[in-house]
Structure formats: C-alpha cells, structure tokens
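The values are calculated or read from the model by the stated rules, or taken from the named source; none is laboratory data. Everything numeric in this text was worked out from a predicted model, so none of it was measured. Cβ placement follows ideal geometry from the backbone for every residue including glycine, while neighbour counts extend to all protein chains displayed. The area values use the complete protein model at the heavy-atom level, side chains included, leaving out ligands, DNA and RNA. Shrake-Rupley method; radii C 1.70, N 1.55, O 1.52, S 1.80 Å.
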Amino acid sequence: GSATGAVYLSWLPDAILKPMLDQEAGATPASRAKQVRQIRTQVRQDGMGLTQGGLLPRIAALASPVFRHDDELAGVLTVLGWNDELDLAPDGVPARILQQQARDVSARLGHLPSRQLIERAATPAQTG
C-alpha cells in the first residue's frame, strides 16, 4: 500500500470507506477488517503513514493528515524519497517538518485540535 492511502484509510469515515473496501477482491471481510484495524492503529499512533518500497520498489514515503474545521479529513500531505535516503523515523527531520506543515495547513482550514479528534485517534474505528 501507499503512505497516502494508509492515512486516508485511517481517517476517512467508515460510511465512505466501507463501500470501497467491499469492492476490493482478494481478501475475506474478516481478514480485511483486521488489516484495516492494524493500519489504523499504526497510523493514528504515529500520526502519519509511511511506506518503504510499497507501490514503487525504490521509493519511500511519509504522509500526514490535513483536517478541516470540523475535524474531518481534508487531504494528505506526502513526502517521497529514495529508500536509502529518506529518513522514515517518526521523530526524524522529514517527519517533524511534514507534520508541522500538515498542522499549519489544517489551521488555515480552521482546524483546531479537539478532544474529539484526539479521542478518535486513540480508539481505532471498526470496519468490516
């Protein structure tokens, strides 16, 4: 998968995600639900998605959510780099800059980090 896709998967409402996931072939609903929970847990814990050689074998990526004024996902900012050159550490320079930029864009959209969003991040949603 992609870092950007992992962020969308982690923050889009289930009502939007479920129809898309139901159309995917190759996985049972139970295994897909488990995979979704794992991805959401990791992305919400880290505050971003990351991948190394996922869709493109030599490319690494970090992705961070951008939120609207109502705590809904507005989009995703993504940084791409070569596998052996992009620091993927959650506390690394690229991740810190990316997350700060995502917070800045979110603030421009009227987003204020709320208790609801923080609680939602701590509790992975159920899909399946």
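Counting only strands (runs of 3 or more DSSP E) wholly contained in the stretch 1-93, the ones carrying 2 or more residues that are among the small types (G, A, S) occupy 59-67, 73-82.
Taken as a whole, the stretch 43-53 holds at least one residue that is closer than 26 Å to H111 by Cβ and either open to solvent by 90 Å² or more (accessible area, probe 1.4 Å) or acidic (D, E) (or both).
Inspect all residues belonging to the stretch 69-76 and state whether any of them is among the β-branched types (V, I, T) and in contact with a helix residue (DSSP H, G or I) (Cβ under 8 Å, 6 or more places away or on another chain). Yes: one or more hits.
Would you pick out the residues in the stretch 14-57 that are hydrophobic (A, V, I, L, M, F, W, C) and closer than 25 Å to E85 by Cα? If the condition is that a residue be hydrophobic (A, V, I, L, M, F, W, C) and closer than 25 Å to E85 by Cα, then I39, V43, M48, L50, L55, L56 are the ones that fit.
Applying the condition of being touching a residue at least 60 places away in the same chain (Cβ under 8 Å) and within 10 Å of T4 (Cβ to Cβ) to the stretch 56-76 and asking which residue is surrounded by the fewest Cβ atoms within 10 Å (Cβ to Cβ) yields V76. Remark: L98 falls outside the filter, which requires a residue to be surrounded by 15 or more Cβ atoms within 10 Å (Cβ to Cβ), assigned to a helix (DSSP H, G or I) and modelled with pLDDT under 95. Only one entry of A3, A27, A15 meets the criterion of being touching a residue at least 12 places away in the same chain (Cβ under 8 Å) and small (G, A, S), and that entry is A3.
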